[in-house]
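Comments concern the structure below.
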Amino acid sequence: MNKLKLIVLGEHGITEIKHYRSLKLIEKDFPNIPYHNLREIYLYSTQRKMRKLHGFNSKLYDKYRIVDDI
């Protein structure tokens, strides 16, 4: 059962959607992105965190969204 959707954004909108069970599995597919950065993107994408993103996370947020798979 998949719990999360990773949405990869390109220049012209959504380019790819992948389904995952956890953030740890996303981290295995994207080893260059640390877990704590993925978690912050998830919290910001689901609007559970409303404060400003740091520079690196802001750039990641422009490329990726992690939302609940409903």
(message) If I ask for residues that are assigned to a strand (DSSP E or B) and touching a residue at least 24 places away in the same chain (Cβ under 8 Å), which ones from segment 1-19 would you list?
(response) L4, K5, L6, I7, V8, L9, H19
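The rows are residues; the columns are (1) at pLDDT 95 or above; (2) exposed (fewer than 14 other Cβ atoms within 10 Å of the Cβ).
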residue: K3; (1), (2): no, yes
residue: H19; (1), (2): yes, yes
residue: L25; (1), (2): yes, no
residue: M50; (1), (2): no, yes
residue: L60; (1), (2): no, no
(request) Starting from segment 42-70, take each residue that is touching a residue at least 12 places away in the same chain (Cβ under 8 Å) and list its partners that are of a type in the set (G, A, S), counting only C-beta distances under 6 angstrom and pairs at least six apart or across chains. (result) R65/S45; I66/S45; V67/S45
(message) Looking only at segment 20-39, filter to residues that are aliphatic (A, V, I, L, M), closer than 14 Å to L60 by Cα and in a helix (DSSP H, G or I); which one of those is farthest from the chain's Cα centre (by Cα)?
(response) I26
(message) Given the criterion in contact with a Ser or Thr (Cβ under 6 Å, 6 or more places away or on another chain) and among the basic types (K, R), identify the matching residue among R65, R39.
(response) R65
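The values are calculated or read from the model by the stated rules, or taken from the named source; none is laboratory data. What you see is a predicted model; the values in this text were computed from it and never measured. Heads up, the Cβs are rebuilt from the backbone with ideal geometry, glycines too, and the neighbour counts pull from every protein chain shown.
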